[in-house]
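Note sheet for the following structure.
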Amino acid sequence: MKHSCVISKWQILLLALAMVICLPQMLYAVDAENCLMCHRFRGLARVDKEGDYRLFYVDESLFSQGPHARVTCRGCHADIEKIPHDDAQPVDCLRSCHIEEPTREIIFTHAKVRKGIEDSVHAPKPDDGAAVSNPDDYPRCKDCHDIPLFRPVSIFKQVRAGVSERAINRCTQCHSDENFVRYFYSHVTTRLHKARDSREVVTMCASCHADPAFARRHNLPDVVASYKETYHGKAVQFGSALAPDCLDCHASQDSVHEMRAATDPRSSIHPENRPATCNAQDCHKSASPALASFDVHANRNAKTHPLEFGVGVFFVIATLGILLPILTLNILGLIREIYPSHHAEREIEHLVKIAEKKAAREDGLWRFTGSLRLQHAFLVTVFVILCLTGFPMKFSDAAWAPAIYDLFGGIHGAPIVHRIAGVALMVGFAVHIILIMLNVRRSLKREGKRGIRAWIGAIIALPMIPKKRDLHDLVVWTKYVFFLSPERPNYGHFSWKEKLEYLGLFWGIPLLGVTGILLWAESISTHILPGWGLNVAYLAHTYESLLAVAHITLVHIPGVIGRPGVSPLSCMVINGKISPRALVEEHGGEVQTFSAITEAKS
Amino acid sequence: MSKKSSFSKRGFLFLYVGFWSVVLIGAATWLTVYLTGTLGDPLTGKGSRQLDAKAFDSILALTDKKVVRYLGEWEFLEPKLPGHFHHIGRWYQSDEWNFCIECHGPIPHSRSLKERAFLNMHNLFISCQVCHVQESQGVAPRRFGWVDMTTGKPGPNPEMLKGVWGEYGAKIVPLTGPVENPQPLSLTEEQEFAEEFRQRMNSISDSQKVIGNKFIHRKCVEDPVRCSSCHDAQNPFLPYTALGYSQERADFLVSAEVVDLVKRYETFHMPNLLNPQAPPLELGPEDPNK
């Protein structure tokens with residue numbers, strides 16, 4: 001009995017010792033002051049006299065998932081000394097709180113941030129000692145920070161981002177307090193990557209820098225819109241953790257609190273430091289220092305960015321200058337379909353009979369060879385893939401963009417698919433040119449012609465090359481759709497519209513291909529181009545892609561398969577044959593030619 | 001037949017051309033606006049807000065201004081309150097049944113500086129009628145139950161242990177009618193009047209507004225139920241255990257800790273000071289279920 005009593009005392013002693021050692025850890029995520037008795041209710045709120053909505057709710061589950069979980073309420077709200085309490089004073093984030101900094105056993109504090117902030121662009125001190133204008137615009141802790149949450153990474157294979165249960169299991173083999181293990185694991189692994197998702201960082205900076213009134217007060221451009229138009233900004237919007245957000249460039253070396261103005265020689269974006277920032281190990285390591293002249297915040301303001309403005313104006317004029325007149329003619333052409341001239345109707349009916357006879361004689365009217373149909377199918381496929389992988393990037397703000405992008409693997413897959421499709425288009429285009437050249441060569445050989453003049457002559461004579469007759473046809477068509485003439489043009493094998501589209505490919509594909517490669521291999525590009533060359537390449541690529549897509553969707557598709565009598569689908573590109581009426585309406589000149597040949601033969 | 005066929009063909013052609021024309025004109029207009037909009041500084045033409053930005057942000061935060069928190073393995077959407085440090089998580093369910101909310105909103109209490117946030121907190125699970133409406137002149141309600149916040153139908157006691165604190169999708173209401181089929185204390189006339197009153201607000205005179213306002217609130221008491229009436233160990237106004245609270249929770253709500261807290265806050269309650277002679281409320285008949 002006596003013996004058992006001695007053991008009992010030891011047990012009590014050990015228990016007391018264990019409690020002293022473990023008490024701070026036991027307090028983890030425990031509301032020691034019982035503040036949550038009231039503050040766990042979401043409705044604990046009021047509206048101030050000034051109209052501000054004040055919410056006093058603390059989400060217990062979210063609070064326990066961040067580094068502040070071990071800080072008691074009074075660790076921050078130190079002025080609260082009794083319950084019920086009066087209105088709490090604003091929290092001083094730089095005060096010493098009641099937890100120990102584990103490596104040195106000193107009371108933890110954020111006070112070191114003060115020095116960095118005071119020397120940063122976010123807390124300016126005018127050299128002449130004058131008062132800072134608009135002092136309320138400069139951020140306080142809570143303007144950039146809300147209570148941090150852990151974003152742990154998993155270091156084990158086959159485990160998604162988050163707390164790795166396998167890792168926890170290994171830790172708890174030696175460390176008995178699983179709560180502490182989870183806290184420690186989350187804290188450390190959160191620090192292994194960005195504390196906050198890049199999208200949140202951009203949103204945070206945008207809360208001030210995208211505000212027009214703020215920008216005007218401080219004479220700043222809209223840096224957020226221009227950033228979001230770069231690959232950096234778009235990739236971040238699609239959730240890439242590798243693409244740089246604001247902090248990666250503006251505070252690349254020092255603490256984010258030590259962000260400095262671009263004019264400050266210590267700033268990572270100072271012109272002299274920019275090459276080192278851009279050419280960092282994890283960024284454009286192999287790029288030339290010339291990359292630093294790439295303007296991430298280039299907008300198309302005529303005063304501040306005349307080059308970008310000029311390129312933009314060129315493409316806007318080119319796009320609207322080409323599309324609007326053609327669209328006008330096409331719409332008027334559709335209206336003229338309702339009210340055709342009797343002359344045109346009679347001529348069409350006459351030619352249709354001739355074409356029908358030929359079709360009956362030759363088992364249909366052939367328009368496209370197998371090779372051309374194959375090339376067209378290839379072009380359609382590649383074009384669609386390029387659109388689906390390019391346009392979500394162009395309109396990355398749109399709600400539909402992520403859904404389409406995800407079909408191709410999101411930001412880590414779609415750009416690769418886009419580049420493969422781009423290369424395929426270039427190769428297909430090269431093959432097409434080679435096939436044409438082989439045809440020309442065969443033709444010259446048959447005719448026994450040689451020399452560069454013969455080659456040029458043969459190329460000019462190709463049916464897709466515009467001739468004088470096309471200009472005449474355009475004038476006749478314009479008069480016809482404006483009801484100025486009853487005469488309808490009878491196009492030959494190819495109309496001026498088709499020739500224009502075809503020549504457009506010779507402008508668009510090389511332009512998109514070259515600028516695409518420059519942007520793809522941006523580091524190599526900077527060895528042959530200045531950084532601003534990439535700004536121009538981007539603009540050319542983005543504007544030209546819109547021109548191409550607009551032309552295909554608004555001119556080509558409505559003009560070819562949207563025509564009455566053809567819609568909803570033309571089988572021409574599938575079986576290579578055209579109906580007699582479609583041939584007469586679109587290529588009446590061709591019918592006239594073979595009619596004349598037939599008459600001459602007979 | 002041929003004429004009819006020709007007419008229908010022409011009609012179809014007309015529709016067809018009309019459709020394509022509208023599509024193409026729409027697309028060309030969008031393209032023109034979009035492309036010209038790409039030139040210049042994006043800030044140009046953006047007006048600054050004339051409203052008090054802070055107050056306006058406060059209002060927006062409660063409606064549509066949500067932010068996404070990306071935490072790697074999970075994401076969540078929460079309202080962004082300006083200057084609010086703690087996370088809110090999801091927003092609470094709005095009360096679609098109680099018509100008082102339409103004018104007073106979900107955070108109606110503002111007069112008593114000390115108590116207002118606590119009173120608003122109770123709005124999560126107690127309807128306005130419990131404290132502010134009498135069963136009849138001078139008779140406070142004594143029977144209470146839960147009403148679904150969406151349908152307005154009486155329901156069983158919610159499972160409080162499973163849900164979030166104070167958020168049960170239902171609110172406590174005074175009950176009337178037979179014991180076997182109790183109904184929420186009816187304010188049908190007032191509700192119908194209030195709906196029309198709101199619709200015609202802009203067309204009636206100021207004096208008419210005063211009269212209408214009085215009518216809507218005719219069953220409201222001058223001196224509502226006090227915090228200390230519920231948090232009273234001797235005779236609590238609400239029958240906690242009958243409403244589904246555990247005995248432990250019911251005991252806590254009238255414990256010395258809570259009662260003391262309530263007393264200290266109530267000391268500052270202005271309406272009491274201004275109306276010290278208000279007659280005490282007479283209690284209605286005992287709840288037969290209790």
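The values are calculated or read from the model by the stated rules, or taken from the named source; none is laboratory data. Owing to the predicted nature of the structure, the values given are computational and were not obtained by experimental measurement. Methodologically, a virtual Cβ is constructed for each residue, glycine included, from the backbone with ideal geometry; neighbour enumeration extends over all protein chains shown.
Somewhere in the range A:115-129, is a residue within 14 Å of chain B (Cβ to nearest Cβ) and closer than 25 Å to B:Val67 by Cβ? Looking through the range A:115-129, none of the residues is within 14 Å of chain B (Cβ to nearest Cβ) and closer than 25 Å to B:Val67 by Cβ. Regarding A:Ala287, is this residue more than 9 Å from chain B (Cβ to nearest Cβ), assigned to a helix (DSSP H, G or I) and in contact with a Gly (Cβ under 9 Å, 6 or more places away or on another chain)? Answer is no for this residue. Looking at A:Pro90, is it facing another protein chain (nearest Cβ under 8 Å) and part of a loop (DSSP other than H, G, I, E, B)? So A:Pro90 does not fit the description; no. Suppose we keep only residues that are in a helix (DSSP H, G or I) and more than 21 Å from the chain's Cα centre (by Cα) within the range A:290-305. Which one would you say is nearest to the other protein chains (Cβ to nearest Cβ)? Within the range A:290-305, the match that is nearest to the other protein chains (Cβ to nearest Cβ) is A:Ser293. For the range B:114-128, does any single residue satisfy the condition of being assigned to a loop (DSSP other than H, G, I, E, B) and aromatic (Phe, Trp, Tyr)? The answer is yes, given that some residue of the range B:114-128 is assigned to a loop (DSSP other than H, G, I, E, B) and aromatic (Phe, Trp, Tyr). In the range A:515-554, the qualifying residues are those that are hydroxyl-bearing (Ser, Thr, Tyr) and surrounded by 18 or more Cβ atoms within 10 Å (Cβ to Cβ), and the one that is nearest to A:Glu498 (Cα to Cα) is A:Ser545. Note on the range A:136-163: among residues that are of a type in the set (A, V, I, L, M) and surrounded by fewer than 16 Cβ atoms within 10 Å (Cβ to Cβ), the one that is nearest to the other protein chains (Cβ to nearest Cβ) is A:Val159.
Based on this model, can you work out whether B:Glu167 counts as acidic (Asp, Glu) and touching a residue at least 40 places away in the same chain (Cβ under 8 Å)? When the stated conditions are applied, B:Glu167 passes them.
The set of residues from the range A:380-409 being small (Gly, Ala, Ser) and more than 28 Å from B:Gly37 (Cα to Cα) comprises just one member, A:Gly409. Condition test on A:Pro67, is it modelled with pLDDT of 85 or more and away from chain B (no Cβ under 13 Å)? Yes: the conditions hold for A:Pro67. Apart from one condition, A:Ala454 fits all of (1) touching a Leu at 6+ places or on another chain (Cβ under 6 Å); (2) within 19 Å of A:Ile335 (Cα to Cα); the exception is (2).
For every residue, the table says whether it meets (1) within 11 Å of chain B (Cβ to nearest Cβ); (2) in contact with a helix residue (DSSP H, G or I) (Cβ under 7 Å, 6 or more places away or on another chain); (3) free of Cβ contacts under 8 Å to residues at least 60 places away in the same chain.
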position	(1), (2), (3)
A:Arg217	yes, yes, no
A:Thr230	no, no, no
A:Lys234	no, yes, no
A:Gln237	no, yes, no
A:Pro244	no, yes, yes
A:Cys249	no, yes, yes
A:Ser252	no, yes, yes
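Could you run through the range B:110-150 and say how many residues are farther than 16 Å from B:Ser229 by Cβ, surrounded by 16 or more Cβ atoms within 10 Å (Cβ to Cβ) and facing chain A (nearest Cβ under 9 Å)? Residues that pass the stated criteria total 8.
Restricted to the range A:306-316, and to residues that are facing chain B (nearest Cβ under 9 Å) and without any contact (Cβ under 8 Å) to a residue 60 or more places away in the chain, which residue is nearest to A:Ser545 (Cα to Cα)? Checking each candidate, the answer is A:Val313. Number of residues in the range B:91-115 that are in contact with a strand residue (DSSP E or B) (Cβ under 7 Å, 6 or more places away or on another chain), among the charged types (D, E, K, R) and over 15 Å from A:Ala45 (Cβ atoms): the value is 0.
Screening the range A:195-246 for helices (runs of 4 or more DSSP H) wholly inside it with 3 or more residues that are under 25 Å from A:Val153 (Cα atoms) returns the ranges A:198-209, A:231-237. Can you pull out every residue in the range A:202-215 that is touching a residue at least 24 places away in the same chain (Cβ under 8 Å) and either in contact with a Lys or Arg (Cβ under 8 Å, 6 or more places away or on another chain) or under 27 Å from A:Gly413 (Cβ atoms) (or both)? Once the filter is applied, which keeps residues that are touching a residue at least 24 places away in the same chain (Cβ under 8 Å) and either in contact with a Lys or Arg (Cβ under 8 Å, 6 or more places away or on another chain) or under 27 Å from A:Gly413 (Cβ atoms) (or both), the range A:202-215 yields A:Val202, A:Met204.
Against the numbered list (1) more than 22 Å from the chain's Cα centre (by Cα); (2) assigned to a helix (DSSP H, G or I); (3) away from every other protein chain (no Cβ under 14 Å), A:Glu272 comes up short only at (2).
The set of residues in the range A:32-64 being within 7 Å of another protein chain (Cβ to nearest Cβ) and among the basic types (Lys, Arg) consists of A:Arg40, A:Arg42, A:Arg46.
Residues that are outside any helix (DSSP H, G or I) and small (Gly, Ala, Ser) within the range B:206-259 comprise B:Ala233, B:Gly244, B:Ser246, B:Ser255, listed in sequence order. Here the condition is being surrounded by fewer than 19 Cβ atoms within 10 Å (Cβ to Cβ) and part of a loop (DSSP other than H, G, I, E, B); of A:Arg266, A:Arg166, A:Arg260, it holds for A:Arg266 alone.
Of all residues in the range A:317-329, those satisfying the criterion of being touching a residue at least 40 places away in the same chain (Cβ under 8 Å) and either more than 7 Å from chain B (Cβ to nearest Cβ) or of a type in the set (A, V, I, L, M) (or both) are A:Ala318, A:Ile322, A:Leu323, A:Ile326, A:Leu327, A:Leu329.
Of the residues that make up the range A:182-189, is at least one touching a residue at least 60 places away in the same chain (Cβ under 8 Å), in contact with a Lys or Arg (Cβ under 8 Å, 6 or more places away or on another chain) and in a helix (DSSP H, G or I)? Yes: the range A:182-189 contains one or more residues that are touching a residue at least 60 places away in the same chain (Cβ under 8 Å), in contact with a Lys or Arg (Cβ under 8 Å, 6 or more places away or on another chain) and in a helix (DSSP H, G or I). Take the conditions (1) closer than 15 Å to A:Pro486 by Cβ; (2) away from every other protein chain (no Cβ under 14 Å); (3) surrounded by fewer than 17 Cβ atoms within 10 Å (Cβ to Cβ); A:Ile348 misses just one of them, which is (3). Of everything in the range A:357-398 that is touching a strand residue (DSSP E or B) at 6+ places or on another chain (Cβ under 9 Å) and not in a loop (DSSP other than H, G, I, E, B), the residue that is farthest from A:Ser579 (Cα to Cα) is A:Lys358.
Would you check if there is a residue in the range A:98-120 being among the polar types (S, T, N, Q), assigned to a loop (DSSP other than H, G, I, E, B) and surrounded by 15 or more Cβ atoms within 10 Å (Cβ to Cβ)? The answer is yes; a qualifying residue exists.
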